[in-house]
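Undergrad: Mind having a look at this structure? Questions to follow.
The values are calculated or read from the model by the stated rules, or taken from the named source; none is laboratory data. Not measured: the values here are computed from a predicted model. Cβ atoms come from the backbone with ideal geometry, glycine included; neighbour counts cover every protein chain shown.
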Amino acid sequence: MDKQVMLFLPHLLFLFTMLTHEAASSTCPMDLSYVGSIPWNTEICKDPIDKDHCCDTLLSVFAIALAERLKDTHIFYLPDANTSSTCLHDFTLRLSALSINQNMVPLCFPNPTRFVFNSSACAGIRTIQDWINKVGPDTPLNSTCNRDLKDNTRCRLCSDAASTLNSTLSTIYPDADPTKCFYYIVLYAAAAVNPYGTTDLSTTSCILDLEHSVVIQGSSHREKVWKLGFALLGAVIGVVLAFVMIVAYRKWDKRRRQSVYHREIENKVRACVLPNAGVKWFHVAELERATERFSRTNVVGQGGHGVVYKGTLSDGAVVAVKDIFYLEGKGDEEFCYEVEIISKIKHRNLLALRGCCISSDDLEGKRRFLVYDFMPNGSLSDQLCSDGANRLTWPQRKNIILDVAKGLAYLHYEIKPPIYHRDIKATNILLDSKMNAKLADFGLAMQGCEDQSHLTTRVAGTYGYVAPEYALYGQLTEKTDVYSFGIVILEIMSGRKVLDTLDSSAGSITDWAWTMTESGKIEEVFDESIREGQEKIMERFVHVGMLCAHVAVALRPTIVEALKMLEGAIDIPQLPDRPVPLGHESFQSSLLHGLPRSG
């Protein structure tokens, strides 16, 4: 008897909640009429019932209404428990009409507040505007889920983007519930990204993971279909046989032309790589085996230019495989250019290219891969997020700064013509097993011209790290990288991230460092974990970071001068006046001519 009571307890609680709130909310704001019209597999929730499978299916079906509400109102979830109870009651009635036991809804969703907005669920996101403020208006989700997803490959790309975005949210907002955040991501993709509507098979089958079942009812109807099928088969079989040879020839000719095109592209890319560069050419099948067919569990990073997978080659070597995005806009010329630049570099503090792979077929289209040695300690950005015992020590921070400076000095002065990286930032500085730093991601790198002090080009880089004269006027020089390097020094010394600082009342990270230095509190710039140590040396590093990140180009040192200052080989010049704010009327003249602020 007790066991039966326990089985019906969730249903009793659910009915009690609905009866309690019936007077307060009698109408559900969501239209659930689709429950009986879309072709979902209702047999999952009928005898014999697999509870977990059924509950997952009902969650997907109910999510269609939540997504449609989000599309209409731009609001995630429902406003209160009354509304949620009313909608679940309506949902129960719709399921009953399909011969699904009424106990399933309270059994699967015993707490109606599950679908009520909770400020602590996912970083306080409630509306689509909140989403844009927290996540940004343009994510990999927007570019992979905005199409017909009935194709398995396209659906996989959309799912990978959702999983990666969920990991990013968990990193940025550690207190957020990953499960609820993933549900937010799914609802946003279905309502705001995919253009085919919330009840379209492209949305329900891929984004909402709903299992469909299209069944032809009635034996007489099946018989008619079979008869019609055989009649049509008999009518066309002669025509098909007549065209078999033509079709076979066309397929053979198409494969031949694809093979020729593939060889031409491969030869073109091979010609970009310098001789004796040690670059290996991989077949796509090797990389699929290494990454378990590019499994989302092996994703270690994703950016605007591609997704990076961890893989293990047949010889046991652990590698990072970068699958490059947006080839339609980027083209093979830019891919060749990037390969050519990477194959030129050979330095212990620059991530060298291990191999390449190019692939072209009807299903996947054009795919291009770059293969590097795997860096087990991740990026500098990951390390700056660590707490407690995992925080970077002062010797580690010092060595990372010196390693990056040496890598940049190599690019600027030991290669002819010089190479400007254009995207120096914490996420592009990788750390090997011994915490040695290696500058990575040369997708935006550009070769300079000898005997040319600067050049005007299309601006590229990352907000917060881009030198102001480059962002405003497109003036690219070696000191553009020096500015970004200065920002990285201040990030490493303080443990603060430049983007977090930009969103605070303290202004930019350079403004904050100048304020602390001018007020005689330079020790507050140091991360708390390293404040007891070699203060004089740490002060020197902060001063060099401030000089490198000065808004006036002429007041910045070259990377070689900065390296010598960091190593103590030359003295640091007296700090100039504090840089003028970007909005100050004298900013343009001080920026262009390197004049210190007057007064």
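Undergrad: Among the residues of the stretch 109-133, write down those that are within 19 Å of the chain's Cα centre (by Cα) and surrounded by fewer than 16 Cβ atoms within 10 Å (Cβ to Cβ).
TA: Correct list: I132, N133.
Undergrad: A follow-up question, please. Only one of these is at pLDDT 95 or above and either of a type outside the set (K, R) or more than 33 Å from the chain's Cα centre (by Cα) (or both): E561, E532. Name it.
TA: On the way: E532 fails: at pLDDT 95 or above.
Sole residue among the options that is at pLDDT 95 or above and either of a type outside the set (K, R) or more than 33 Å from the chain's Cα centre (by Cα) (or both): E561.
Undergrad: Hey, can you tell me all the residues within the stretch 74-119 that are acidic (D, E) and part of a loop (DSSP other than H, G, I, E, B)? Don't jump to the end; show me each part of the working.
TA: Filtering the stretch 74-119 for residues acidic (D, E) gives 80, 90.
Scanning the stretch 74-119 gives a single hit, D80.
Per-residue answers, yes or no, for (1) at pLDDT 90 or above; (2) outside the structural domain of K425 (by TED's automatic domain parsing):
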residue	(1), (2)
V339	no, yes
H347	yes, yes
R368	no, yes
N390	no, no
N399	yes, no
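Undergrad: Which residues, counting only those in the stretch 548-574, are β-branched (V, I, T) and outside any loop (DSSP other than H, G, I, E, B)?
TA: Narrowing the stretch 548-574 to residues β-branched (V, I, T): 551, 553, 558-560, 570, 572.
Of everything in the stretch 548-574, those that are β-branched (V, I, T) and outside any loop (DSSP other than H, G, I, E, B) turn out to be V553, I559, V560.
Rundown of residues vs (1) at pLDDT 85 or above; (2) over 24 Å from I49 (Cα atoms), yes/no style:
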site: H89; (1), (2): yes, no
site: T92; (1), (2): yes, no
site: T113; (1), (2): yes, yes
site: V116; (1), (2): yes, yes
site: A121; (1), (2): no, yes
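Undergrad: Could you go through the stretch 343-358 and let me know if any residue there is part of a helix (DSSP H, G or I), farther than 20 Å from F485 by Cβ and of a type in the set (K, R). Quick ask: steps written out before the conclusion?
TA: Here is the first cut: in the stretch 343-358, the residues part of a helix (DSSP H, G or I) are 343-344.
When the remaining residues are screened for being farther than 20 Å from F485 by Cβ, the result is 343-344.
From what is left, the residues that are of a type in the set (K, R) are 344.
Yes, there is a match, as at least one residue in the stretch 343-358 is part of a helix (DSSP H, G or I), farther than 20 Å from F485 by Cβ and of a type in the set (K, R).
Undergrad: Please work out which residue is modelled with the highest pLDDT, limiting yourself to the stretch 177-207 and to residues that are buried (at least 21 other Cβ atoms within 10 Å of the Cβ) and assigned to a loop (DSSP other than H, G, I, E, B).
TA: Taking the candidates together, the pick is N194.
Undergrad: What are the residues in the stretch 45-77 that are of a type outside the set (K, R) and either within 19 Å of T127 (Cβ to Cβ) or not assigned by TED's automatic domain parsing to the domain that holds F182 (or both), if any? Let's see the steps before the verdict.
TA: First, pick out the residues of the stretch 45-77 that are of a type outside the set (K, R): 45, 47-50, 52-68, 70, 72-77.
Residues satisfying the conditions are A63, A65, L66, A67, E68, L70, D72, T73, H74, I75, F76, Y77.
Undergrad: Another one. Check whether at least one residue in the stretch 479-493 is modelled with pLDDT under 85 and more than 22 Å from D577 (Cβ to Cβ), and report yes or no. Full working, then the answer.
TA: Going through the stretch 479-493, the residues modelled with pLDDT under 85 turn out to be none.
No, the stretch 479-493 contains no residue that is modelled with pLDDT under 85 and more than 22 Å from D577 (Cβ to Cβ).
Undergrad: Test S433 against the criterion of being among the hydroxyl-bearing types (S, T, Y), over 23 Å from the mean Cα position of the chain (by Cα) and in a strand (DSSP E or B), and give yes or no.
TA: Values: among the hydroxyl-bearing types (S, T, Y): yes; over 23 Å from the mean Cα position of the chain (by Cα): yes; in a strand (DSSP E or B): no.
Judged against the criteria, S433 is not a match.
Undergrad: For D138, indicate whether it is in the same structural domain as T179 (by TED's automatic domain parsing), among the charged types (D, E, K, R) and in a helix (DSSP H, G or I). Step through it out loud before you land on a result.
TA: Numbers: in the same structural domain as T179 (by TED's automatic domain parsing): yes; among the charged types (D, E, K, R): yes; in a helix (DSSP H, G or I): no.
The answer is no for D138.
Undergrad: Find all pairs meeting these conditions: Cβ atoms under 6 angstrom apart; at least six residues apart or on different chains; first residue within the stretch 78-90 and in the same structural domain as Q102 (by TED's automatic domain parsing); second residue in a helix (DSSP H, G or I) and among the hydrophobic types (A, V, I, L, M, F, W, C).
TA: Going by the 6 Å Cβ cut-off, the qualifying pairs are L78/F115; S84/F115; S85/M18; L88/V105; H89/M18.
Undergrad: Among the numbered criteria (1) under 23 Å from G301 (Cβ atoms); (2) touching a Ser or Thr at 6+ places or on another chain (Cβ under 6 Å), which one does K134 miss?
TA: (2)
Undergrad: Any residue at all in the stretch 503-511 that is outside any helix (DSSP H, G or I), in contact (Cβ under 8 Å) with a residue 40 or more places away in the chain and charged (D, E, K, R)?
TA: no
Undergrad: Confirm whether A460 is under 26 Å from V308 (Cβ atoms), among the small types (G, A, S), out of contact with any Pro (no Cβ under 6 Å at 6 or more places or on another chain) and at pLDDT 90 or above.
TA: On the way: under 26 Å from V308 (Cβ atoms): yes; among the small types (G, A, S): yes; out of contact with any Pro (no Cβ under 6 Å at 6 or more places or on another chain): yes; at pLDDT 90 or above: no.
Criteria not met by A460.
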